[in-house]
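Below: one structure, written as structure tokens.
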Amino acid sequence: MTLLQYSQTLFLKDLQSLDFIYPHSIDIDLELRPYVYETTPFFGGSGWQNMESDLSKINDEHKKYFCICLFTMTSADQNMYSHFRSNYEFFYNKVKYPKFGIVSFGYAFEKPCYLLTRPTEVDFESIPELEIKDFIHHQFTISFNFLRDITPKQFFTAMINDIHFNCESEIFKKILNCIKSEL
């Protein structure tokens with residue numbers, strides 16, 4: 001199975017295996033942080049403290065793909081909200097992605113890089129760059145469905161230029177190179 005095949009067949013099923021937590025109604029401030037409701041699922045915890053639990057239900061062979069799909073999903077959601085907020089409602093209503101972050105006394109979002117750097121036992125290096133390239137190409141292709149009047153080039157350029165998107169890992173560098181090759 002390739003990364004692209006996994007993303008199209010098993011990722012959503014594996015995503016539903018996470019133990020989601022939900023914000024309390026008292027903590028929700030739709031003026032300060034719109035699009036977070038009592039029904040908005042969060043996963044991960046601080047610094048992805050729930051990583052072992054989150055990954056425990058994922059087939060060992062698929063963990064590397066699962067983490068990359070989580071990273072892509074989380075990065076896309078945070079990028080749209082941060083850089084294209086006027087289009088976020090359209091995007092949110094299409095995807096309704098769970099949020100990577102913390103629910104405690106309020107809620108906060110986590111840096112997507114934890115999804116690639118925390119799982120030290122996951123063998124990202126075994127993924128051929130061609131698989132990543134195919135997966136990223138597919139993300140560019142389907143992004144028209146979610147971006148409304150933003151071009152994929154605008155969307156991904158904003159993403160790679162955001163300081164919070166960057167991280168220090170070899171798999172991130174491969175993903176970044178593949179994104180840049182699509183631009």
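Only helices (runs of 4 or more DSSP H) whose full extent lies in region 102-172 are considered here, and the ones with at least 1 residues that are basic (Lys, Arg) and in contact (Cβ under 8 Å) with a residue 40 or more places away in the chain are 129-142. Would you call Tyr114 touching an Asp or Glu at 6+ places or on another chain (Cβ under 6 Å), under 18 Å from Asp54 (Cα atoms) and either open to solvent by 40 Å² or more (accessible area, probe 1.4 Å) or among the aliphatic types (A, V, I, L, M) (or both)? For Tyr114, the condition - touching an Asp or Glu at 6+ places or on another chain (Cβ under 6 Å), under 18 Å from Asp54 (Cα atoms) and either open to solvent by 40 Å² or more (accessible area, probe 1.4 Å) or among the aliphatic types (A, V, I, L, M) (or both) - is not met. Among the criteria (1) at pLDDT 95 or above; (2) under 15 Å from Phe11 (Cβ atoms), the one Val95 does not fulfil is (1).
Conditions tested, residue by residue: (1) surrounded by 14 or more Cβ atoms within 10 Å (Cβ to Cβ); (2) among the polar types (S, T, N, Q); (3) within 13 Å of Ser82 (Cβ to Cβ).
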site	(1), (2), (3)
Asn145	no, yes, no
Asp149	no, no, no
Lys153	no, no, no
Met159	yes, no, yes
Asp162	yes, no, yes
Phe165	yes, no, yes
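Taken as a whole, the condition of being aliphatic (A, V, I, L, M) and over 24 Å from Tyr35 (Cα atoms) does not apply to Ile150. Listed by position, the helices (runs of 4 or more DSSP H) contained in region 1-90 that have at least 2 residues being open to solvent by less than 80 Å² (accessible area, probe 1.4 Å), among the basic types (Lys, Arg) and at pLDDT 95 or above are 63-83.
The values are calculated or read from the model by the stated rules, or taken from the named source; none is laboratory data. Just so it is clear, the model here is predicted, and its values are computed rather than measured. Glycine also receives a Cβ, built like all others from the backbone with ideal geometry; neighbour counts cover every protein chain displayed. All accessible areas refer to the heavy atoms of the entire protein, side chains included, with ligands and DNA or RNA removed. Shrake-Rupley method; radii C 1.70, N 1.55, O 1.52, S 1.80 Å.
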